[in-house]
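The block underneath contains the structure these notes are about, expressed in structure tokens.
A short reminder: the numbers here are calculations on the coordinates, not readings from a lab. Since this is a predicted model, take the numbers as computed values, not measurements. Note that we place each Cβ from the backbone using ideal geometry, even for glycine, and neighbour counts take in every protein chain shown.
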Amino acid sequence: MQSRTMTRKPSGRPSPHKGKAVPSATSAPTAPSAKEPSPKWDVQDSRSVRSGWIWRGFLILTLLALGVAIIMAGNHHPTLAIFWVVIAVGWLVTSMWLWRQHSRYMRG
């Protein structure tokens, strides 16, 4: 959602509305006021970080993918087994990253 005072150029960069004063490049940057949302997105605002169930879900998916990889290796499909191990590693990395972010969020 765009703010009321800013519009987006085709390049994606915000630009002020017509008629508004544009600060010069030499002026000192101003801190955002309490009413204006911060332009920087914080990962702590993510619902995936605040909930402990998301990283646990990725961990379960990791175990499921490892099981599929073991079954594929047992059925003499080594290429499919390697693909499933790669998928499992990706889900494990995502799960551990979310777990670390969730732990930081819970500590304050």
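Our coupling estimate for the stretch 62-68, obtained by passing each phi through the Karplus curve with A = 6.51, B = -1.76, C = 1.60 and θ = phi - 60°, is 4, 5, 5, 5, 5, x, 5 Hz, Gly and Pro reported as x. When restricted to Cα atoms, the stretch 46-107 yields an Rg and a Dmax of 13.9, 47 Å, respectively. The residues neighbouring SER46, those whose beta-carbon lies less than 14 Å from its own, together hold a net charge of +3 under the Lys/Arg +1, Asp/Glu -1 convention.
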